[in-house]
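Okay, so here's the structure we're looking at.
Rule-based calculations on the coordinates, nothing more; no lab input. These figures come from a predicted structure and were not determined experimentally. We place every Cβ from the backbone using ideal geometry, glycine too, and count neighbours over all the protein chains shown.
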Amino acid sequence: MAERYDVAIVGSGPAGLSAALNLKIRKKNFIIFGSKNISNKLTRAPKINNYLGFYEKSGLEIRDEFLNHLKSMDIEITEERVNNIYAMGDYFSLMINEKMYEATSIILATGVNFGKPFEGEEAFLGKGVGYCATCDAPLYKDKIVTIIAYNKKDEHEANFIASIASKVYYVPMYNEEVNINSNIEVIKDKPIKINGDNKVKSLVLSNREIDTDGIFILRDSISPGQLVPGLDLYENHVKVDRLMKTNIKGCFAAGDIVGVPYQYIKAAGEGNIAALSAASYVDEKNKE
């Protein structure tokens with residue numbers, strides 16, 4: 001049986017880290033998923049002047065201060081990508097490749113870097129389009145699979161799929177050198193549209209079209225509506241109240257994912273509120 005955490009935080013930007021700090025102070029058993037690089041958006045910022053206490057600091061300098069704060073409080077970031085979250089009534093089930101985690105409450109703090117869906121992506125979700133190659137690999141034994149990857153670390157998923165599928169196309173959306181098995185065909189082209197009828201039939205790129213039975217889109221984060229089925233959205237952001245509550249009981253959200261302005265200090269404040277709300281929710285559940 002999977003260990004059940006009090007709270008699972010998805011995202012390691014200012015909102016997620018702020019939530020983690022406050023849950024640690026309140027002695028909750030939590031796990032935070034994200035990157036030990038903290039946030040690509042943050043590290044690329046040349047100067048930040050609107051974060052109280054960090055005048056004329058670069059994003060990298062602030063990132064390092066965040067890491068020092070985490071280390072001082074013995075908080076570890078779990079570097080795994082959450083593919084799906086399901087509300088199970090009294091708890092949430094988080095699907096991560098071949099593993100599963102459980103938590104009484106969740107805080108979504110993934111930011112807004114999930115990108116615009118490709119044409120046909122949402123229509124064929126579950127009909128050949130997926131977001132976890134290793135999860136659904138057995139469905140594509142001896143079939144043709146295409147992987148659209150946004151991060152070099154996803155190359156291992158392509159290698160795994162290649163041991164099962166009859167043919168694998170790999171479309172890298174990053175600039176680093178690709179280093180994958182020689183039996184995988186690398187296509188350096190821009191995906192445009194997913195075609196099919198009742199299921200996926202092909203992927204249209206800028207310069208060609210390829211026949212394929214399945215397409216795995218491996219973004220750094222998944223759009224909230226696809227990550228958590230049934231989540232209410234407003235203008236592509238998660239709809240929350242002042243306590244960062246969503247329409248799903250026990251699910252909270254904070255940071256850029258809930259809307260503008262996209263500012264670090266606003267995200268950190270919302271992460272604080274989400275943590276307090278999640279802690280209160282867990283306390284109430286423990287009384288039942």
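Values for this structure:
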read-out: Choice from Gly111, Gly259, Gly34 showing the highest fluctuation, given a GNM over the chain with Cα pairs closer than 10 Å; value: Gly259
read-out: Hits among lysines - C-alpha to C-alpha of Lys47 under 20 Å, sequence gap 8 or more where chains match; value: Lys57, Lys266
read-out: Most to least packed among 11-21, 135-145 [average Cβ atoms within 10 Å]; value: 11-21, 135-145
read-out: Restricting the range 230-286 to GluC sites (Glu not before Pro) in coil, as DSSP defines it, with at most 11 other Cβ within 10 Å; value: Glu235
read-out: Between 0 and 90°, nearest 10: helix 264-287 axis offset from the chain longest Cα axis; value: 80 degrees
read-out: Projected area, mean over directions - the range 129-218, Cα convex hull, nm²; value: 5.2 nm²
read-out: MRE, 222 nm, helices only [DSSP H, n ≥ 4, -39500 (n - 2.57), over the chain, to nearest 500]; value: -7000 deg cm²/dmol
read-out: Rg(Cα) / (2.2 N^0.38 Å) computed for the chain, rounded to two decimals; value: 1.04
read-out: Nearest-ten-degree value, helix 59-72 long axis tilted from longest Cα axis of the chain; value: 60 degrees
read-out: Where GluC sites (Glu not before Pro) fall in DSSP loop in the range 86-148, at most 14 other Cβ within 10 Å; value: Glu98, Glu122
read-out: Value of relative contact order over the range 58-145, rounded to a whole percent, pairs C-alpha under 8 Å and six or more apart; value: 17 percent
read-out: At most 16 other Cβ within 10 Å, DSSP loop - chymotrypsin sites (Phe, Trp or Tyr not before Pro), the range 204-288; value: Tyr262
read-out: Cα-based reach from Lys116 at 16 Å (exclusive), listing lysines while leaving out same-chain residues under 8 positions away; value: Lys190, Lys193
read-out: Whichever aspartates and glutamates have a C-alpha closer than 19 Å to that of Lys167, once near sequence neighbours (fewer than 8 apart) are set aside; value: Asp136, Asp142, Asp154, Glu155, Glu157, Glu185, Asp189, Glu209, Asp211, Asp213
